[in-house]
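Only the coordinates and a few stated rules stand behind these numbers; no lab work does. Keep in mind that what you see is a predicted model, and the values were worked out from it rather than measured. Glycine gets a Cβ as well: all are built from the backbone with ideal geometry, and neighbour counts include every protein chain shown.
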Amino acid sequence: MVTTLNKPSSLIHEIRLEKVGNWNLFKFSEPLQLRMENLLEQKKADQITPDEISELDAIGELDRIFTHINAMLAAQDANQ
């Protein structure tokens, strides 16, 4: 059974910090990363439901937020 997600904040329990070099970066848990990849594959194959599209949108929003925050952390470190 797949849970439908409406808001990125519903994924808060799937967030972790990972040490990469000198940085601590925000990352998805492995199950959430795999889920996102699966949903992207379904979308490419045009086999995705409306609920799954909403779920993918929420995951994508969180991914964009993480990318921005991680870039800000890297830039801050580069400026020090």
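Below are the figures for this structure:
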{"quantity": "Kirkwood estimate for the chain, i.e. one over the average of 1/r between Cα atoms, Å", "calculated": "13.7"}
{"quantity": "Added length on full extension, which subtracts the Cα-Cα distance from 0.36 nm per residue, Glu30 to Gln76", "calculated": "13.9 nm"}
{"quantity": "Listed residue (Asn70, Trp23, Ile59) projecting farthest to the positive dipole end of the chain, Cβ model", "calculated": "Trp23"}
{"quantity": "Cα-based shape type of segment 27-73, given that a ≥ b ≥ c are square roots of the gyration tensor eigenvalues and the cut on a/c is 1.5", "calculated": "prolate"}
{"quantity": "Summed residue charge, Cβ within 11 Å of Phe28's Cβ, Lys/Arg positive, Asp/Glu negative", "calculated": "-2"}
{"quantity": "For the chain, calculated [θ]222 nm from helices alone, where every DSSP H run of n ≥ 4 adds -39500 (n - 2.57)", "calculated": "-19000 deg cm²/dmol"}
